[in-house]
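Peer 1: My structure is below; once you've seen it, I'll send some questions.
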Amino acid sequence: MNAIEVRGLVKKYSSFALGSLDLNVRQGYVTGLVGPNGAGKSTLIKLLMGLSAAGAGEIRIFGEQMPEQEAGIKARIGFVSEENTLYEHLSIDAMRSIYAPFYKRWDAQTFRDCLNRFELSPRSRIRSLSKGMKMKLSLAFALSGGAELLIMDEPTAGLDPVFRREMLEILSGLMLDENRTILFSTHITTDLDRIADYIVFLDRGTVVFNESKEDLFDRYALIKGDKKWLDRDVRQAFVGIRETGTGFEGLARDRGEAIRMFGDGAIIETPTLEDIMYFTVRGERHRAESRA
Amino acid sequence: MNIQISNASGEPIYSQIVGRVRGAILSGELAPGTMLPSIRQLAKDLQISVITTKRAYEELEKEGLIDSVVGKGSFVSGANEAFIREQRLRAMETKLLEAIKEGKSLGLSLEEVIGHIRLLDQEGESEG
């Protein structure tokens with residue numbers, strides 16, 4: 001089952017175009033949305049949240065149409081954004097009294113538990129909180145509203161490793177509930193190396209792939225070796241290659257093929273998401289240049 | 001059950017889990033009928049993806065080591081004692097083969113290798 005279904009989505013700005021985009025986000029899993037800066041991650045999230053209107057296409061969340069059924073859909077979504085969506089001049093408790101009535105399933109006990117756990121005082125002014133604390137507060141609001149779908153735009157950006165670990169711990173705890181879905185955009189791919197089930201990779205406004213992380217890590221291989229092996233045929237097997245004075249490093253499309261090709265003649269490793277992202281973008285740029 | 005996974009080993013995480021659980025079952029540490037943590041609980045504890053733990057459990061099911069009952073969870077298979085014995089015998093044979101090979105490369109005859117095994121067994125008994 002899909003929590004989110006996107007078909008033929010298009011959004012055009014003067015300097016950037018997103019789409020046409022097709023995308024499924026599966027219910028019960030963590031989907032990571034990755035891509036270089038300017039790939040369209042935030043644009044896509046804004047469209048999903050109805051914060052910006054699409055030029056064309058269709059968005060269904062929980063099987064219901066956006067933006068027509070926006071109010072009903074949004075009551076089931078918790079949105080955590082890099083940009084602070086809370087009122088700076090209010091105290092946490094005053095913010096709660098504005099926020100809570102919008103959520104039918106608001107759970108006051110969950111909210112108190114979250115504040116305790118995140119070491120936030122209801123009396124604190126939102127303005128006085130650090131970036132990490134604001135992020136925790138956003139998460140507390142999202143969780144207390146009984147969100148079935150958490151949409152998080154760069155929730156770990158600019159946060160220290162201790163807090164990022166805590167956040168991942170919280171998120172993996174949420175996934176004990178198989179009805180819950182998390183869509184999580186980030187450019188810190190190490191956050192996703194472990195807990196993400198599916199990876200959506202956006203580049204230049206289009207989806208490069210949307211696959212389970214297991215499949216990605218099974219399929220791709222990171223090869224390091226001597227440049228003398230790189231003839232034209234061998235190059236075809238790579239998504240992207242980086243050559244230096246000491247050798248080459250490249251992402252091979254098919255692990256089995258790479259093992260047959262290089263055998264013991266090269267180092268064959270499992271790539272990280274960062275490797276996959278880096279070489280894919282590099283390869284695309286390279287092909288775009290050679291076409292030009 | 002203790003499971004540690006390594007991010008540095010290069011072995012896929014699902015296969016590390018399979019190896020660890022298989023080892024625990026074959027050694028008898030996990031008795032038939034023992035309930036395993038749920039897929040989602042294990043994913044949370046190890047902070048890994050649900051699909052990774054799902055894949056590990058599917059692999060263990062395919063090997064006949066665990067049974068999954070919808071709505072109840074996954075259990076160490078009770079119907080596999082003969083299979084486990086078979087697996088352990090095979091593991092022993094692998095080690096014996098290694099010993100025989102090593103003996104031959106030292107120029108020992110098969111009889112001499114067997115002689116060594118007897119000797120070690122007697123020593124083991126007098127120590128124990």
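The values are calculated or read from the model by the stated rules, or taken from the named source; none is laboratory data. None of these values were measured; they are calculated from a predicted model. Methodologically, a virtual Cβ is constructed for each residue, glycine included, from the backbone with ideal geometry; neighbour enumeration extends over all protein chains shown.
Peer 1: Do we have residue B:66 as surrounded by fewer than 21 Cβ atoms within 10 Å (Cβ to Cβ), touching a helix residue (DSSP H, G or I) at 6+ places or on another chain (Cβ under 6 Å) and farther than 20 Å from residue A:178 by Cα here?
Peer 2: No.
Peer 1: Consider segment A:102-113. How many of its residues are modelled with pLDDT of 90 or more and surrounded by 12 or more Cβ atoms within 10 Å (Cβ to Cβ)?
Peer 2: Matching residues across segment A:102-113 total 6.
Peer 1: Report yes if residue B:5 is within 13 Å of chain A (Cβ to nearest Cβ), among the β-branched types (Val, Ile, Thr) and either under 14 Å from the mean Cα position of the chain (by Cα) or in a loop (DSSP other than H, G, I, E, B) (or both), otherwise no.
Peer 2: So residue B:5 fits the description; yes.
Peer 1: Can you tell me how many residues in segment A:73-100 are touching a residue at least 24 places away in the same chain (Cβ under 8 Å), in contact with a Phe, Trp or Tyr (Cβ under 7 Å, 6 or more places away or on another chain) and part of a helix (DSSP H, G or I)?
Peer 2: 4
Peer 1: Now, a different point. Confirm whether residue B:19 is assigned to a helix (DSSP H, G or I) and closer than 28 Å to residue A:272 by Cβ.
Peer 2: yes
Peer 1: Let me ask something additional. Looking at segment A:204-214, can you tell me whether even one residue there is facing another protein chain (nearest Cβ under 9 Å), closer than 20 Å to residue A:44 by Cβ, touching a Phe, Trp or Tyr at 6+ places or on another chain (Cβ under 9 Å) and modelled with pLDDT of 90 or more?
Peer 2: yes
Peer 1: Against the condition within 11 Å of another protein chain (Cβ to nearest Cβ) and not hydroxyl-bearing (Ser, Thr, Tyr), how does residue A:235 come out, does it pass?
Peer 2: No, not satisfied.
Peer 1: Here are some residues: A:110, A:156. Which one is assigned by TED's automatic domain parsing to the domain that holds residue A:42 and either within 18 Å of the chain's Cα centre (by Cα) or among the acidic types (Asp, Glu) (or both)?
Peer 2: Answer to the selection: A:156.
Peer 1: Within segment A:1-49, track down each residue that is part of a strand (DSSP E or B) and small (Gly, Ala, Ser).
Peer 2: Answer for segment A:1-49, where residues must be part of a strand (DSSP E or B) and small (Gly, Ala, Ser): A:3, A:8, A:17, A:19, A:20, A:32.
Peer 1: Turning to a different aspect of this structure: Working only within segment B:48-72, note down all residues that are at pLDDT below 90 and within 14 Å of another protein chain (Cβ to nearest Cβ).
Peer 2: Passing the criteria: B:70, B:71.
Peer 1: Within the set of pairs 6 or more residues apart or between chains, which connect a residue that is more than 9 Å from every other protein chain (Cβ to nearest Cβ) inside segment A:164-181 to a residue that is acidic (Asp, Glu) with Cβ atoms less than 7 Å apart?
Peer 2: Taking only residues 6 or more apart or on different chains, the pairs are A:164/A:191; A:179/A:148; A:180/A:148; A:181/A:148.
Peer 1: Pull out all pairs, ordered by first then second residue, where Cβ-Cβ is under 7 Å, the residues are six or more apart or on different chains, the first lies in segment A:189-203 and is at the interface with chain B (Cβ under 9 Å from one of its Cβ atoms) and buried (at least 24 other Cβ atoms within 10 Å of the Cβ), and the second is among the small types (Gly, Ala, Ser) and in a helix (DSSP H, G or I).
Peer 2: A:195/A:172
Peer 1: Follow-up. Scanning segment B:2-28 for residues that are without any contact (Cβ under 8 Å) to a residue 24 or more places away in the chain and not small (Gly, Ala, Ser), which turns out nearest to residue B:66 (Cα to Cα)?
Peer 2: Filtering segment B:2-28 for residues that are without any contact (Cβ under 8 Å) to a residue 24 or more places away in the chain and not small (Gly, Ala, Ser), the one nearest to residue B:66 (Cα to Cα) comes out as B:20.
Peer 1: On the given criteria, is residue A:224 within 14 Å of chain B (Cβ to nearest Cβ), of a type outside the set (Asp, Glu) and over 22 Å from residue B:52 (Cβ atoms)?
Peer 2: The answer is yes for residue A:224.
Peer 1: Looking at (1) in a helix (DSSP H, G or I); (2) away from chain B (no Cβ under 14 Å), can you tell me which one residue A:122 breaks?
Peer 2: (1)
Peer 1: In addition: Could you please let me know if residue A:105 is assigned by TED's automatic domain parsing to the domain that holds residue A:149 and not in a helix (DSSP H, G or I)?
Peer 2: Considered against the rule, which asks whether it is assigned by TED's automatic domain parsing to the domain that holds residue A:149 and not in a helix (DSSP H, G or I), residue A:105 comes out as yes.
Peer 1: OK, next. Could you check segment B:35-45 and list, in sequence order, the residues that are surrounded by fewer than 21 Cβ atoms within 10 Å (Cβ to Cβ), in a helix (DSSP H, G or I) and more than 7 Å from chain A (Cβ to nearest Cβ)?
Peer 2: Once the filter is applied, which keeps residues that are surrounded by fewer than 21 Cβ atoms within 10 Å (Cβ to Cβ), in a helix (DSSP H, G or I) and more than 7 Å from chain A (Cβ to nearest Cβ), segment B:35-45 yields only B:45.
Peer 1: Restricting attention to segment B:6-24, which residues are touching a Ser or Thr at 6+ places or on another chain (Cβ under 8 Å) and surrounded by 12 or more Cβ atoms within 10 Å (Cβ to Cβ)?
Peer 2: B:12, B:13, B:14, B:16, B:17
Peer 1: Next up: In segment B:21-34, what count of residues is obtained for those that are out of contact with any helix residue (DSSP H, G or I) (no Cβ under 9 Å at 6 or more places or on another chain) and closer than 24 Å to residue B:47 by Cβ?
Peer 2: Residues meeting the conditions: 2.
Peer 1: Looking for whichever is of a type in the set (Lys, Arg) and surrounded by 19 or more Cβ atoms within 10 Å (Cβ to Cβ) here; the options are A:213, A:227. Which one fits?
Peer 2: After applying the criteria, what remains is A:213.
Peer 1: So residue B:103 clears everything in (1) among the small types (Gly, Ala, Ser); (2) on the phi > 0 side of the Ramachandran plot; (3) modelled with pLDDT of 90 or more except one condition, right? Which one?
Peer 2: Going through (1) among the small types (Gly, Ala, Ser); (2) on the phi > 0 side of the Ramachandran plot; (3) modelled with pLDDT of 90 or more one by one, residue B:103 breaks only (2).
Peer 1: Which condition from (1) within 18 Å of residue A:19 (Cβ to Cβ); (2) surrounded by fewer than 21 Cβ atoms within 10 Å (Cβ to Cβ); (3) modelled with pLDDT under 90 is the one that residue A:83 breaks?
Peer 2: (1)
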